[in-house]
Amino acid sequence: MKFSELGLSQDILDAITTHGYVEATPIQEKTIPLTLSGRDVIGQAQTGTGKTAAFGLPILEHIDLNNKNIQALIVSPTRELAIQTADELKKLGHDKHVDVQVVFGGSDIRRQIQNLKSHPQILVGTPGRLLDHINRKTVKIDNVKTLVLDEADEMLNMGFLEDIESIIKNTPADRQTLLFSATMPPAIKRIGVKFMTNPEHIQIEAKELTTDLVDQYFVRMRENEKFDTMTRIFDVQAPKLAIVFGRTKRRVEELSRGLEARGYHAAGLHGDLTQQMRSRVLAQFKSHEINILVATDVAARGLDVKDVSHVYNFDIPQDPESYVHRIGRTGRAGAKGVSVTLVAPNEMDYLRAVEDLTKKRMTALEPASLQEARVGKIKNAAGEVDQIVNAVDVKDIQSEVDKLTSKYSSEQLAAALLSSVADLEKQNTPVEITRERPLPRRRGGGGGSRNGGGDRRRGGNGGGGYRGNRDRRGNGESSRNGGGQRRSGRDGGSSAASSERRFGDYKRRDGRSTERHSNGGAPRQRREFTVREKD
Ligand code: ADP
Ligand code: MG
């Protein structure tokens, strides 16, 4: 549908055209008219489908330029997302001359206070810093017409809920409230609805929660083989731009250091880094100076980086929803992507939980051998040789060149060049990754969870949050043979239908049993502890 059919005025439509949007996405088509009419809306649609503009355009439309108050407040879980959202709104509001400001932690509050003196009509911010400003009275939100919780399920989760409640208390009761996210677990929606008036829940009926544009794979291997497995996959798949997800900040640190040690251009992004560092890492990633970004779930929520080709889940996420957001960093705005999830044998139930949520099965991928990885690395190196050859100046080194060319064949020299560029030795750099506490068993089967009682709440890792007892789909899954013991095609058991396919140069094993576990009669699933980080 054309944007012009949605009831937006000309200066907004002009900015949309300048921005390069031609057609409205389904979530934009469905929610923009509703939001324009003043309704409270829960907007749920796949990642990368333009939810920012979906809430942003009606907000911009309603802005009264003669009103000096903050008229719209958008709350985001991370600084990077707040900046990204503010940038998008600035662009879309450019022709209307709307003033958009952004506030977030870890950055000079005095400068922000100075910027706020311009009387922005739209403010984007992270919860902690917003509250700080509200308490200092440098931000007044008692005239806000529209409040948006972007990544709403994250914002209404334990890590942020208290702050969100405090912020909402400072807004007028008759405001318009909008919640946007790709995922909206019922229990979280119930919390959100309390802040809303007669909301309409628009859910874009995608067949699956994740986009078809992303080919989803998993690799099963032992925990202590994960790092080698992942780097070999890198060598074979040669990702242009990849995000690697680790479960904790420590993981992210260790992974990014380990990858650097093995010669990859990688850096970490998580909540314990200074804002300066975070901004630098993200800028390096966007400019492809580094091509592997290692991140925690929260740090990467909602980030819209162009051309992310691969997502690697070094750790399978504890919450299935996190998976949706992780792989949603690729396959954005119509582009294609690949995701690979590493799973230890005792985590297979988590993989199933993800598949149950996304209604899509991941394809089993066989770990690459060292040899395959070497071949991959050499092939990647071949791409760099052109550049090297073009850049080299033979003049000063002619005699050495002559000596070598008379001594060796061109084949020998090319092979030596390739292996030197590929730096195969680095592949063997030993890297230690600290073992994380294994995920608690997802299902009981009698034994219960060995770690379930472990108190990770407010844990050392930056404010763990208990995610409560959410029974997401109301179908408590059961496992007759007690979690972890199940064998199916994918586990390498009965796989008559097993067929080898090629994926790039990478073997994948298809064909798994279609057997699904039975429903009903199962004990209510207990949601476990998740390490959460806060901005
Ligand atoms: P989401 O919040 O749903 O994950 P974003 O709002 O971050 O998605 O948008 C994803 C990308 O799609 C952004 O680069 C955005 O500029 C682009 N985009 C949004 N709306 C449209 C549209 N109607 N046509 C083309 N691209 C769009
Ligand atoms: Mg978004």
Expected output for the stretch 169-180 (first residue β-branched (Val, Ile, Thr) and away from ligand 2 (no atom under 16 Å from the Cβ), partner in a loop (DSSP other than H, G, I, E, B) and modelled with pLDDT of 95 or more, Cβ below 8 Å, 6+ apart or cross-chain) is Thr171/Ile141; Thr171/Asp142; Thr171/Val144; Thr177/Asp40; Thr177/Phe195; Thr177/Met196; Thr177/Thr197; Thr177/Pro199
Within the stretch 15-57, residues being within 25 Å of Gln101 (Cβ to Cβ) and touching a residue at least 60 places away in the same chain (Cβ under 8 Å) number 15
So Glu165 fits all but one of (1) among the acidic types (Asp, Glu); (2) within 16 Å of ligand 1 (Cβ to nearest atom); (3) out of contact with any His (no Cβ under 9 Å at 6 or more places or on another chain); what number is the exception?
-> (2)
Can you tell which of Leu149, Leu156 is buried (at least 21 other Cβ atoms within 10 Å of the Cβ), within 24 Å of Ala173 (Cα to Cα), touching a residue at least 60 places away in the same chain (Cβ under 8 Å) and of a type in the set (A, V, I, L, M)?
-> Leu149
Scanning the stretch 354-368 residue by residue, those among the hydroxyl-bearing types (Ser, Thr, Tyr) and either crowded, with 22+ Cβ neighbours inside 10 Å or at pLDDT below 90 (or both) turn out to be Thr358
Would a scan of the stretch 375-393 turn up a residue that is more than 40 Å from the chain's Cα centre (by Cα) and either surrounded by 13 or more Cβ atoms within 10 Å (Cβ to Cβ) or not assigned by TED's automatic domain parsing to the domain that holds Ile233 (or both)?
-> yes
Kindly indicate whether Thr138 is buried (at least 19 other Cβ atoms within 10 Å of the Cβ), in the same structural domain as Gln46 (by TED's automatic domain parsing) and out of contact with any Gly (no Cβ under 6 Å at 6 or more places or on another chain).
-> no
Consider Tyr408 carefully, then state whether it is surrounded by 20 or more Cβ atoms within 10 Å (Cβ to Cβ) and among the hydroxyl-bearing types (Ser, Thr, Tyr).
-> no
Among (1) buried (at least 20 other Cβ atoms within 10 Å of the Cβ); (2) within 16 Å of ligand 1 (Cβ to nearest atom), where does Gln203 come up short?
-> (1)
Has the stretch 93-113 got at least one residue that is within 14 Å of ligand 2 (Cβ to nearest atom) and surrounded by 22 or more Cβ atoms within 10 Å (Cβ to Cβ)?
-> no
Looking at Lys68, Lys51, which one is within 16 Å of ligand 2 (Cβ to nearest atom) and charged (D, E, K, R)?
-> Lys51
Of all the residues that make up the stretch 373-421, how many are more than 30 Å from Met230 (Cα to Cα), aliphatic (A, V, I, L, M) and part of a helix (DSSP H, G or I)?
-> 6
Sole residue being assigned by TED's automatic domain parsing to the domain that holds Arg129 and more than 15 Å from ligand 2 (Cβ to nearest atom), chosen from Glu88, Glu29 | Glu29
For Lys68: the one exception among (1) at pLDDT below 95; (2) within 16 Å of ligand 1 (Cβ to nearest atom) | (2)
Name the residues in the stretch 286-307 that are among the acidic types (Asp, Glu) and either without any contact (Cβ under 8 Å) to a residue 24 or more places away in the chain or in contact with a strand residue (DSSP E or B) (Cβ under 7 Å, 6 or more places away or on another chain) (or both), would you?
-> Asp297
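The values are calculated or read from the model by the stated rules, or taken from the named source; none is laboratory data. Everything numeric here is computed off the predicted structure, so don't read it as measured data. Note that each Cβ is placed from the backbone with ideal geometry, even for glycine, and that neighbours are counted across all protein chains shown.
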